[in-house]
1. Among Lys38, Lys12, which is the only one that is under 12 Å from the mean Cα position of the chain (by Cα) and not assigned by TED's automatic domain parsing to the domain that holds Asn135?
2. Any residue at all in region 107-124 that is closer than 23 Å to Gln39 by Cα, at pLDDT below 95 and out of contact with any strand residue (DSSP E or B) (no Cβ under 8 Å at 6 or more places or on another chain)?
3. Does Leu136 fit the bill of being closer than 23 Å to Leu28 by Cα, surrounded by fewer than 22 Cβ atoms within 10 Å (Cβ to Cβ) and within 14 Å of the chain's Cα centre (by Cα)?
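The values are calculated or read from the model by the stated rules, or taken from the named source; none is laboratory data. What you see is a predicted model; the values in this text were computed from it and never measured. Positions of Cβ are generated from backbone atoms using ideal geometry, with glycine treated the same way; all protein chains shown enter the neighbour counts.
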Amino acid sequence: MKRTITCTINGKRKELTVDVRQSLLEVLREQAGLISVKQGCAVGECGACTVLIDNVPIDSCLYLAVWADGRSIRTVEGESRDGKLSRVQQAFVEAGAVQCGICTPGFVMAATAFVEKHRGRKVTRPDIRPGLAGNLCRCTGYDSIITAVQKSLDEGDEP
């Protein structure tokens, strides 16, 4: 069964016809062409498919596309502006928090939600861990990722 949904993806209003059984991950990759959204485990354990829905990190592999009707969705592709990386994206680069790239977009989106929620507050490295708890990495280890999040928090009020 097909259904038409309307949502905002990376600031642009989209009308999509989706199968009611399709995950948001499938629709974002196949219809919206957003390849940063990765399928890792397909069961909500790894976080590679994390996107922000109404600014909340969600595993898009478990989220049905029909549930996105009327919602705002953000992916890594929508975080840079005018060719300039977001504060979190730039911090990931500077901290060397990327390797193979499978988990990176999900971590960037989880980190973005964390940074936006905690901006202006004193946050320690141990405080960051729970904010990234739904994301797994097999390549970088977590130290550089936490360093990137800390750097993002320490950079003032610039986006």
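1. Unique residue meeting the criteria: Lys38.
2. no
3. On the way: closer than 23 Å to Leu28 by Cα: yes; surrounded by fewer than 22 Cβ atoms within 10 Å (Cβ to Cβ): yes; within 14 Å of the chain's Cα centre (by Cα): yes.
Considered against the rule, which asks whether it is closer than 23 Å to Leu28 by Cα, surrounded by fewer than 22 Cβ atoms within 10 Å (Cβ to Cβ) and within 14 Å of the chain's Cα centre (by Cα), Leu136 comes out as yes.
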